[in-house]
Amino acid sequence: MRREPKAAETALWRLLRDRQLEGLKFRRHVTLGGYIVDFLCLRHRVTVEADGPPHEENEAYDAQRDAWLRGQGFRVLRFANAVIAARPNDVLDSILKAARPAAQSAVDPSSAGFADTFSRKGRRGT
C-alpha cells in the first residue's frame with residue numbers, strides 16, 4: 001500500500017466516506033485475498049480503483065487481480081485519476097449504478113456508463 005495517497009484518491013474518498021453517497025458504506029484500502037483495493041462497498045460487492053501511473057505500468061497484475069475479484073463476485077470499477085478530478089459526479093453516478101441491486105445484472109463495470117444520471121440525495125456538496 002502507498003504511504004501517501006494520490007490527490008484523486010483523496011478527493012474520491014472525501015465523496016465516499018461517512019456514507020455520503022446515498023448511505024453506501026465504503027471502506028478504504030481493504031485487503032481481499034491478498035490484494036488491496038482502494039475502496040470497497042462490501043454490502044454490494046463493489047470495489048473502486050483510482051488509477052494513475054502505477055496501474056499503467058502493472059496492467060498484467062491488475063488484470064489478474066481484477067479476474068480474481070470478479071471470480072469472488074465483486075464488481076471492479078476503475079477510474080483514471082484525470083476522470084476523478086474532472087468529472088467526479090460522473091464517477092459517483094457510475095458507482096451508484098454498480099451498487100444498485102436492480103442494475104447489478106445490467107452493469108458493465110469496464111464501461112461505467114457516464115450518460116446516466118441519478119438522484120444526488122445523500123451527497124454532500126453537490
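The ranking of VAL46, VAL30 from fewest to most other beta carbons within 10 Å of each one's beta carbon is VAL30, VAL46. Here the residues ILE36, ILE84, ranked from fewest to most Cβ neighbours within 10 Å of their Cβ, fall in the order ILE36, ILE84.
How would GLU49, GLU59 line up from fewest to most surrounding beta-carbon atoms within 10 angstrom? Spell out each step's value before the answer.
Working: GLU49 20, GLU59 9.
Ranked by crowding around the Cβ, least crowded first: GLU59, GLU49.
For the range 8-63, what Kirkwood radius comes out of the mean inverse Cα-Cα distance, in Å?
Values: mean 1/r = 0.0827 Å⁻¹.
Across the range 8-63, the inverse of the average 1/r is 12.1 Å.
Scalar couplings 3J(HN,Hα) for the range 6-19, obtained by applying the Karplus form with A = 6.51, B = -1.76, C = 1.60 to θ = phi - 60°, are 6, 4, 5, 5, 5, 5, 5, 4, 4, 7, 9, 5, 6, 6 Hz; x denotes Gly and Pro.
Subtracting the Cα-Cα distance from 0.36 nm times the residue separation, let me have the gained length for TYR35 to ARG19 in nm, one decimal.
Gain in length upon complete extension: 3.4 nm.
Projection of the Cα convex hull of the range 7-103, averaged over all directions and equal to a quarter of that hull's surface, yields 5.9 nm².
Placing dummy labels 7 Å off each Cα toward the beta-carbon, the span from ALA80 to ALA11 is 1.4 nm.
A short reminder: the numbers here are calculations on the coordinates, not readings from a lab. Nothing here was measured: the structure is a model prediction, and the numbers come from that model. Glycine also receives a Cβ, built like all others from the backbone with ideal geometry; neighbour counts cover every protein chain displayed.
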